[in-house]
């Protein structure tokens, strides 16, 4: 069982040429575990990606600390898999080699890592594309591949930074179902950043709403919808009620951002 | 085509004295003589070997150094001022100095190519590697890559096609340096043949030499391109 503790984490970006320093994150306290699927919902620029990058070790908190199973996070590592919004497959590696990248870095022999990669290729429905270059894949396929690449490393926690943000609506819905299917089967702690309210409810077992900059956790809402979930749940009264509530929460924050601009 | 036509008109038409510019047919005949009677093939071989030798030497040192400078800012900050300065030193100005140091043997020729190429390659590769997509590097870190893994399995493959392109470009410049090096204090090579022919007022041979240089450049360029396409199929897919 994995526990991620975010302890009084703040982040202030230093001043630049006449601009005041930017406070991206107010002290954030958070504890995540239980193989929860936690979605972080917030208006753009609220610091939700910054928080995720700090957990990943790609950015450092100005104060406070992040603990993963009691160990302080000092930098990026294989125990926290990350999927980015931009397409980050290595263009010089094939689908199979991309998925096996983390295993190769750890020195897993080729036969074994190919077996693992092929299992994930099967899971994400990319059989037949093992030897394709990323360039030859659609955006949705690339992101599926990126999720598989992160999962193939068997991380303690999976971090996703608006992974479906650049995809068209139909593809996005299919990707959500696929990701949820993997999570329902494999049970893993997931931290998923999005600004899409429906996505946050549909995927999450817990939705955290962040306030406008400087970001802090404004609401922590448990989503008790039953699993396995299908797309049909999106029209159920419970789902709609949750959506209404979150729309109000987010709207208040978006208005604040608009007033500042 | 137009070039050859204008050349023929000027020479066959008698507008230009044969002493200064041979006509195309004379040029071809002189060229044939060069090849069969005067062992010009040996000269060509010497020149190619010098270019390739000096260039490979420069690349062997410049590629790793450029990679390190692109990967580590402190190394770049430390070396960049010197390399930038050295890049502007004309290789041909080193010829007298190098003759003093290394004589007029092969080493001196190789060193001129080396000096002319190495700093250019270093700087261009540093910039290319420094421009590697940040998100790819971050993705590799979150997959557990070490700093060495990042350099060997992200920065290098990511920059490799551009590095190959840089090498192709600089190889072209190396051809200029080798001829200059051979014009002075040399006993073989295409440049040496050209100076010899100048003493004999044989413009046909000079022009033939220049054309041979152009052809070899064209061939090496073509080979480089074909090699790159074979090496980096992911770029073309």
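Measuring from the lowest to the highest alpha carbon on each principal axis, how far does region A:50-150 reach, largest first, in angstroms?
47, 29, 23 Å, listed from the longest principal axis down.
I need the Debye-formula profile for region A:1-83: one equal scatterer per C-alpha, no solvent, reported as log10 I(q)/I(0) at q = 0.15, 0.17, 0.20 1/Å, two decimals.
-0.55, -0.70, -0.94
List the extent of the Cα atoms of chain B along each of their three principal axes, largest first, rounded to whole Å.
Sorted from largest, the Cα extents of chain B read 73, 47, 29 Å.
Rg to Rh ratio, the protein assembly as shown, alpha-carbon atoms and Kirkwood radius?
1.16
Could you put A:145, A:46 in order, starting from the residue whose Cβ has the fewest other Cβ atoms within 10 Å?
Ordered by Cβ neighbours within 10 Å, fewest first: A:145, A:46.
Taking the alpha-carbon set of region B:114-188, what are its Rg and Dmax in Å?
Computed over the Cα atoms of region B:114-188, radius of gyration and Dmax are 17.5, 59 Å.
Divide, for region B:9-144, the radius of gyration over alpha carbons by 2.2 N^0.38 Å, where N is the residue count.
Normalised Rg, Cα atoms only: 1.61.
Considering Cα pairs under 8 angstrom that are at least six residues apart, work out the relative contact order of region A:4-260 and quote it in whole percent.
26 percent
Tilt of helix A:139-152 relative to the longest C-alpha principal axis of chain A, in degrees (0 to 90, nearest 10)?
80 degrees
With each run of n ≥ 4 DSSP H residues scored as -39500 (n - 2.57), what mean residue ellipticity at 222 nm is computed for chain A after dividing by its residue count and rounding to the nearest 500 deg cm²/dmol?
-11500 deg cm²/dmol
How large is the translational diffusion coefficient of region B:99-235 in µm² per second when you combine the Kirkwood radius over alpha carbon pairs with Stokes-Einstein at 20 °C and 1.002 mPa s?
121 µm²/s
In whole angstrom, how long is each semi-axis of the equivalent ellipsoid of chain A, when you take the square root of 5 times every eigenvalue of its Cα gyration tensor and sort them from largest down?
Working from the Cα gyration tensor, I get semi-axes of 30, 23, 18 Å.
Could you tell me the distance between the Cα centroids of region A:4-44 and region A:206-250, to the nearest Å?
Measuring centre to centre over Cα atoms gives 19 Å.
Where the centre of each part is set by its Cα atoms, how far does region B:217-237 sit from region B:1-65, in angstrom?
First find each Cα centre; the distance between them is then 25 Å.
Give me the distance between the Cα centres of region A:87-139 and region A:140-174, rounded to whole Å.
Using only Cα atoms, the two centres lie 14 Å from each other.
Quick one: helix A:237-260 against the long Cα principal axis of chain A, what's the angle to the nearest 10°, folded into 0 to 90?
Helix A:237-260 and the main axis of chain A meet at about 60 degrees.
Kindly work out what percent of the DSSP beta bridges joining two residues of the protein assembly as shown are antiparallel, to the nearest 5.
Here the antiparallel bridges make up roughly 50 percent for the protein assembly as shown.
Each value in this text was obtained by applying a stated rule to the coordinates, not by laboratory testing. Just so we're clear, the structure is a prediction, and the values are computed from it rather than from any experiment. Backbone-built Cβ (ideal geometry, glycine too); neighbour counts: all protein chains shown.
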